[in-house]
1. Among what's in segment 308-332 and is touching a helix residue (DSSP H, G or I) at 6+ places or on another chain (Cβ under 7 Å) and assigned to a loop (DSSP other than H, G, I, E, B), pick the residue that is farthest from residue 16 (Cα to Cα).
2. Can you name the residue in segment 46-61 that is out of contact with any strand residue (DSSP E or B) (no Cβ under 9 Å at 6 or more places or on another chain) and in a helix (DSSP H, G or I) and, of all such residues, is surrounded by the most Cβ atoms within 10 Å (Cβ to Cβ)?
3. What number of residues within segment 249-264 are surrounded by fewer than 20 Cβ atoms within 10 Å (Cβ to Cβ) and in contact with a helix residue (DSSP H, G or I) (Cβ under 9 Å, 6 or more places away or on another chain)?
4. Of all residues in segment 222-240, which are touching a residue at least 24 places away in the same chain (Cβ under 8 Å) and over 15 Å from residue 137 (Cβ atoms)?
5. Among the residues of segment 114-160 satisfying the criterion of being closer than 30 Å to residue 258 by Cβ and at pLDDT below 90, which is surrounded by the most Cβ atoms within 10 Å (Cβ to Cβ)?
6. Considering only segment 26-45, state which residues are in contact (Cβ under 8 Å) with a residue 12 or more places away in the chain and assigned to a helix (DSSP H, G or I).
7. Return the only residue of 102, 48, 83 being farther than 22 Å from residue 243 by Cα and modelled with pLDDT under 95.
8. Please find, within segment 2-45, the residue that is modelled with the lowest pLDDT out of those that are surrounded by fewer than 20 Cβ atoms within 10 Å (Cβ to Cβ) and on the phi > 0 side of the Ramachandran plot.
């Protein structure tokens with residue numbers, strides 16, 4: 001069984017260079033995870049203030065520990081980052097302050113998430129989620145097929161696969177997993193309902209692998225279940241729609257000159273980020289965007305003409321960073 005790698009913040013040096021923390025600056029870490037990026041921001045300049053989100057309940061304990069190291073400077077919400085957009089306009093900038101004695105989230109007073117110097121999104125799974133077998137994100141070890149980023153909400157992947165409409169499963173495999181054998185896999189999942197094969201990661205991965213033609217399994221450089229597991233996880237956690245809702249909400253809370261950074265790990269996330277950033281910078285979103293230039297308002301300027309990717313040294317130290325892409329813009 002592979003050994004856990006532990007939490008290593010991806011592209012941390014490059015992120016800090018873009019965020020450029022300043023004394024008394026206000027920052028948003030929309031994906032707290034292990035807190036590596038947040039700690040780096042808090043350490044980089046005196047009296048920086050970080051607002052952090054993470055829907056994973058396991059992240060709350062890590063945030064409490066970090067908050068004790070930086071009293072009054074870390075404010076953590078155990079919620080999905082798209083709550084920035086879901087709340088009403090009146091309440092959208094309200095953030096629960098932390099009790100200075102216990103470090104726990106308090107109902108009052110409320111702090112305002114506004115005039116931020118920078119905001120960071122580090123998308124995908126954290127090392128903690130991947131390494132905790134019971135969470136069911138990986139097929140490397142047998143576990144209940146859960147895959148929820150917030151186990152307190154919704155149904156696990158096993159239940160979703162047993163009951164979701166065929167069209168939803170097909171969309172997850174075809175659009176989110178970019179699995180070319182999506183028809184075969186969809187049929188295999190539907191045929192396996194009620195037999196127990198969808199309940200655990202090992203049997204689910206075996207089911208998917210068996211549904212892929214043998215010649216493709218032999219030729220593939222990745223496990224045959226990789227794309228399917230990704231698609232199921234993205235669908236289950238509504239990851240792409242959450243990102244599309246949260247990016248504009250975060251950008252709206254930046255001060256003039258504020259920086260928005262996003263680290264993505266697969267093409268679907270990166271496409272959303274790239275197109276949104278291009279629109280903000282007054283550029284065509286893609287090759288099909290024929291909007292006349294005079295109707296392209298410019299609200300930002302790009303800080304990364306091409307995405308920043310890990311160095312060879314980082315790849316050697318942290319192989320999980322291999323697909324990371326960092327993009328950033330500055331608000332005008």
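The values are calculated or read from the model by the stated rules, or taken from the named source; none is laboratory data. The shown structure was predicted, so the numbers you read here are calculated from the model rather than taken from an experiment. Note that we place each Cβ from the backbone using ideal geometry, even for glycine, and neighbour counts take in every protein chain shown.
1. 322
2. Selected residue: 58.
3. 2
4. Listed by number, the list holds a single entry, 240.
5. 126
6. 36, 37, 38, 39, 40, 41, 42, 44
7. 102
8. So the residue we want is 6.
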